[in-house]
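What follows is one structure encoded as structure tokens, with my remarks underneath.
The values are calculated or read from the model by the stated rules, or taken from the named source; none is laboratory data. What you see is a predicted model; the values in this text were computed from it and never measured. Here Cβ is always computed from backbone atoms with ideal geometry, including for glycine, and neighbour counts include all displayed protein chains. Protein only, heavy atoms only, side chains kept; ligands, DNA and RNA dropped before computing areas. Shrake-Rupley method; radii C 1.70, N 1.55, O 1.52, S 1.80 Å.
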Amino acid sequence: MERPAWAPRSIDISVPSVSRIYDYYLGGSHNFEVDREAARRAMEFMPGLPKTMQANRAFLRRAVRFAAQEGITQFLDIGSGIPTYGNVHEVAQSAVPGARVVYVDHDPVAVAHSEAVLAGNDDAGVAAADLRKPQEILDSPEVRRLIDLNRPVALLLVAILHFVEDADDPYGAVAELRDAFAPGSMLILTHASYEGIPVSAERAEGAMDVYKDIRNPLIMRSRDEIARFFEGYDMVEPGLVTLPLWRPESAPEDEDPFAFSGYAGVGRTA
């Protein structure tokens, strides 16, 4: 397999990547046949997966605009993935010129592309780090350069926590980040769940098996389990809801049924 110029030498292009599979679902071009094959296998069980990912991105943009309107000017996007249309810095800096954004990912492809996209943008940066190690994120040079922890921060955990197993204490990681931020900070979160998926549990499980096969199991949590991530936050209306129902800009009834496959919410500390 020929390695394209955009693929860092350090990555194994024969192994599927969650970030590149997500990129494929969104119609991106930074993926390989091995990623597309894994995506197609998952879509045999859940053909609407691209609609789910698009709903995630649409929520992210709405939530970032909301945070900016509420006076937030700092954004920390963990598990940011490969840059695509409507990135956080584009939305935030359009709403608030000078807004500061740091993307965080442990995938070398995602980091390399973020660096390329952000070249020349002094108010945005990228850090190679892992959500499971919050202190490493907080201590990273780009976070220290761009994020003032004495002022409110919007923490984005969009479509990432369902890749963190309970054994790695995702609740503890989220709480550690919450406690590092100033009062008035926000948590912007989405998470996959079996609740709302418009196929049988057996078919959904088939898609989950694809992620197990590539050693990135997707952990489906219930609404109550997802709500626990917001401990210490006051929920913003309309609370924790399916993706299209969070402050929609178009009629939710026009959405594809797969767009409702997951929960979204925004919380704010007092």
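Answer yes if at least one residue in region 41-48 is surrounded by fewer than 21 Cβ atoms within 10 Å (Cβ to Cβ), more than 25 Å from Pro134 (Cα to Cα) and touching a Gly at 6+ places or on another chain (Cβ under 7 Å), and no otherwise. So far as region 41-48 goes, yes, one or more of its residues are surrounded by fewer than 21 Cβ atoms within 10 Å (Cβ to Cβ), more than 25 Å from Pro134 (Cα to Cα) and touching a Gly at 6+ places or on another chain (Cβ under 7 Å).
Of the residues contained in region 100-117, none is found to be touching a Pro at 6+ places or on another chain (Cβ under 6 Å), open to solvent by less than 20 Å² (accessible area, probe 1.4 Å) and modelled with pLDDT of 95 or more. In region 164-187, which residue that is open to solvent by 50 Å² or more (accessible area, probe 1.4 Å) and not in a loop (DSSP other than H, G, I, E, B) is farthest from Gly71 (Cα to Cα)? Restricting to residues being open to solvent by 50 Å² or more (accessible area, probe 1.4 Å) and not in a loop (DSSP other than H, G, I, E, B), the top hit is Ala167.
Taking region 60-94 as the range and being within 17 Å of Trp246 (Cβ to Cβ), over 11 Å from the mean Cα position of the chain (by Cα) and modelled with pLDDT of 95 or more as the test, the residues that pass are Arg61, Arg62, Ala63, Val64, Arg65, Phe66, Ala67, Ala68, Gln69, Glu70, Ile72, Val91.
Here is a yes/no grid of residues against (1) within 16 Å of Met53 (Cα to Cα); (2) among the hydrophobic types (A, V, I, L, M, F, W, C):
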site	(1), (2)
His162	yes, no
Asp169	no, no
Ala175	no, yes
Ala192	yes, yes
Val199	no, yes
Gly239	no, no
Asp256	yes, no
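Residues that are of a type in the set (S, T, N, Q) and over 21 Å from Ser185 (Cα atoms) number at least 1 in none of the strands (runs of 3 or more DSSP E) confined to region 67-146.
Per-residue answers, yes or no, for (1) touching a residue at least 24 places away in the same chain (Cβ under 8 Å); (2) part of a loop (DSSP other than H, G, I, E, B); (3) of a type outside the set (Gly, Ala, Ser):
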{"residue": "Thr190", "(1), (2), (3)": "yes, no, yes"}
{"residue": "Tyr194", "(1), (2), (3)": "yes, yes, yes"}
{"residue": "Pro198", "(1), (2), (3)": "yes, yes, yes"}
{"residue": "Arg203", "(1), (2), (3)": "yes, no, yes"}
{"residue": "Met208", "(1), (2), (3)": "no, no, yes"}
{"residue": "Lys212", "(1), (2), (3)": "no, no, yes"}
{"residue": "Pro217", "(1), (2), (3)": "yes, yes, yes"}
{"residue": "Arg221", "(1), (2), (3)": "yes, yes, yes"}
{"residue": "Asp224", "(1), (2), (3)": "no, no, yes"}
